[in-house]
Every structure is written in structure tokens, then in C-alpha cells.
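The values are calculated or read from the model by the stated rules, or taken from the named source; none is laboratory data. All of these numbers come straight from a predicted model, not from anything done at the bench. Neighbour counts run over all protein chains shown; Cβ positions are idealised from the backbone, glycine included. SASA here: full protein model, heavy atoms, side chains in, ligands and nucleic acids out. Shrake-Rupley method; radii C 1.70, N 1.55, O 1.52, S 1.80 Å.
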Amino acid sequence: MTTASAGARPKTAAPATSTLIVPADATRGAGPRVRRRVGLAWLGLTPFAAYVLLFLAVPAVIAVGSGFFTSDGAFTLANLAAFADPSVLRAFGGSFGLSAVSAVIGAVVGALVCWALSALRPDGLVRSMIDSAASVLAQFGGVMLAFAFIATIGAQGLVTTWLVAVFHVDLNANGAFLYTVPGLVIPYVYFQVPLMVLTFMPALEGVKAQWGEAAATLGASRATYWRRIALPVLAPAFWGSLLLLFANGFSSFATAAALISQGGIVPLTIRTQLTSETLIGLQNVAGVLAFGMVVVMAIVMGAYSLLQRRAARWQR
């Protein structure tokens, strides 16, 4: 044994590495094939895109843009002075009040309904029936809903005549309440509550039972769990749903048009301006009001998008 090799460490062989060889034919046509699939997928959206363009985008641009032109086709900003007219201010005030009140009532009642539904099995019969009913009633509006309330609590409605005959209580003693802007809250709440159930229920289902168990293990009471954990998690979804209900009430027209013949809210004022100009010295006031509605809806839906993005963090 030599002294040079006595303290030397034995050499270890380098680990063998394997190289995966991909045939050139396997990747040669992948790029064009993938692009072709993506192109076909976007092609399927063409009918929907055409519908949105022809029936939503183009009419909206024409309606809003008309407020910035005179009857001769000249561009002007003078029509924006319509926002200072008292009748226009009252219309926006009526729309804001009606939308806010109906949205708050619908959000609170709908949240309570969702809380009650959370105790039921998601695939149970009762839960399926309520979900189906909410989907239908959220879209039940317009003339049909107005007729239903006229036949029920109108001046000669079934409930109205029954209360007069049995309890001598006349709901319309001080006038037909249903045919006023405050009276629109009743039919509006009818479709706001189902819409709240549809939008808020997924957020409530996202609250995990493990959170409550962990809080109870650490000694937190049920009230503390809801105050410190559940409600802060559900708050963005609740406020986002409230804004969605506000936008829904602010843009509703058919139900109000079937119950109220004159203005009082912005959609009805737009109809009045289209049929007979009432603001002296201004032109295309309907387009100006449409521009105001678009601005309000853009702000509300932008805030709704931000709240939904924040609420989605807890649903992953």
C-alpha cells in the first residue's frame, strides 16, 4: 500500500442521466393545431358577440351619443345643462331612493333566506325547489308583475277588497299607494329578494365548517365566530350583492311603466322626453339622461366588480 493512496477517498461514479428524445414529427404541427382550436373556440362566441353588438352596444352608443348633438347634428355640451333642471333632479332622486330602499330590503331578506337555506342539503328536494323558484322569480317582472300586484293590492284588488269587507281597512284611503314611486318598492322587492338569494348563496356556501370548529376549539363563542370570522368574510359578497340589487332597481323600467303613467324616476323621464320635450331650450334630453344612467351604472358595477374580486379570495 502506498502512502499516497492511504488517505485518498474512493471516487464515485457520476449519476447517470437520461435524456428524453422527442421526435421532431411530434411537435412539428402542434403550434398550428393549437391555434386552430383556439380560433374555433372563439368562433363559437360569434353569435353572442353579434347579439351584444347589435342589441346592446350599438343602441347604447346611439342613445348616449345623441345627448351631445343638436337636432341639426352639431356637437354641443349645452344639453348637459339638463342635469340642473329640477324635474331631472327629482327623477334621479326618485331613482336613487327607490333603488336604495328596495336593494336594502331585498339584501337583508335575501341574506336571511340564504342563512336558512344553508341548513338544508344542497341536493335536497326543498333546496332544489327554492333555488328553481328564485331563478324564475328573479326574472319575473314587467307587465306581468305589475298586473299581479294590481289584481292583488290595487285599488280594486283581491286583498284590498277583502280587507275592506272584513276589517274595514282601506289600503288606498289616502290614494292608490301602488301607483306612486314609493309604492314601487313593493313589486321591486318581489324580484330583488330572489336575485339576492342567487348571488349571495354561493358566498355563504363558501364559509367552511372547519372555521367554526377551529374557533370553538380556541374557546370562541358562536357570536364571536360570526363577528370576527364569518361576517368579515361575507361582508364583501354582501355589499357586492347589494350594489347589484341597486343597479337592478335603478335600470328597471317595464314594471314602473305599467304602474305609473308620469315620470318620477329616470327611466320614465326618458320615456317622457322621447314622446314630448318638456325642457325648454334644450334638445335630446333623453340622451343626456341616458348618459347619466350609464355613468351611475358604470360606477356601481365597477364597485361591484372590486367587491366580488375581494370576496373570491375566500371561495378558492
Original post:
With the Cα gyration tensor of the range 111-214 giving a ≥ b ≥ c as the square roots of its eigenvalues, does the rule (a/c under 1.5 for rounded; else a/b larger than b/c for prolate; else oblate) give rounded, prolate or oblate?
Top reply: prolate
**OP:** Run the quick spin-label model on residue 116 and residue 76: label points 7 Å from Cα toward the beta carbon, then report their separation in nm to one decimal.
**Re:** 5.6
**OP:** Note down, for the chain, the three equivalent ellipsoid semi-axes (square root of 5 times each alpha carbon gyration tensor eigenvalue), biggest first, whole angstrom.
**Re:** 56, 34, 20
**OP:** List every residue whose amide H lies under 5 Å from the amide H of residue 69, counting only residues 5 or more places away in sequence or on a different chain, with H placed 1.01 Å from N in the peptide plane.
**Re:** 76
**OP:** Pick out, in residue order, every one of the chymotrypsin sites (Phe, Trp or Tyr not before Pro) in the range 286-316 that is DSSP loop and has at most 11 other C-beta atoms within 10 Å; say none if there are none.
**Re:** none
Original post:
When the accessible area of the range 58-205 is computed with all protein chains present and a 1.4 Å probe, what percentage of it is carbon and sulfur?
Top reply: 75
**OP:** Scan the range 208-271 for trypsin sites (Lys or Arg not before Pro) in coil per DSSP, keeping those whose Cβ has at most 14 other Cβ atoms within 10 Å, and list them by number.
**Re:** 208
**OP:** May I ask which residue of 56, 128, 218 lies farthest towards the positive end of the charge dipole of the chain, with charges of +1 (Lys, Arg) and -1 (Asp, Glu) on Cβ and the Cα centre as origin?
**Re:** 218
Subject >> Table column - 3J(HN,Hα) (Hz), the range 177-190, Karplus curve with 6.51, -1.76, 1.60, x for Gly and Pro >> reply: 5, 5, 9, 10, 4, x, x, 5, 4, 5, x, 5, 4, 4
Original post:
Label point 7 Å out from residue 143 along Cα-to-Cβ: which residues of the range 245-284 have amide N under 19 Å?
Top reply: 252-262, 268, 271-272, 275
Subject >> Net dipole in debye of the range 199-286 [+1 Lys, Arg Cβ; -1 Asp, Glu Cβ; about Cα centre; nearest 20] >> reply: 300
Subject >> Cα gyration tensor, the range 96-149 - rounded (a/c under 1.5), prolate or oblate >> reply: oblate
Original post:
With a ≥ b ≥ c the root eigenvalues of the C-alpha gyration tensor of the range 66-126, is it rounded (a/c under 1.5), prolate (a/b larger than b/c) or oblate?
Top reply: prolate
**OP:** Would you mind getting me the FRET efficiency between residue 312 and residue 83? Use the beta-carbon distance for r and R0 = 30 Å, nearest 0.05.
**Re:** 0.25
Original post:
So, with +1 on the Cβ of K and R and -1 on the Cβ of D and E, and no other charges, what is the size of the charge dipole of the chain about its Cα centre, to the nearest 20 debye?
Top reply: 1840
**OP:** Give me the number: length gained by fully extending residue 104 to residue 159, i.e. 0.36 nm times residue separation minus the C-alpha to C-alpha distance, one decimal in nm.
**Re:** 17.2 nm
Original post:
Taking the C-alpha atoms of the range 192-316, how large are the radius of gyration and the largest Cα-Cα span, Dmax, in Å?
Top reply: 21.1, 71
Subject >> Average accessible area per residue (Å²) across the range 68-120 - probe 1.4 Å, nucleic acids and ligands excluded >> reply: 52
Original post:
What does the charge dipole of the range 34-178 about its Cα centre add up to, to the nearest 20 debye, if the Cβ of each Lys and Arg holds +1 and the Cβ of each Asp and Glu holds -1?
Top reply: 700
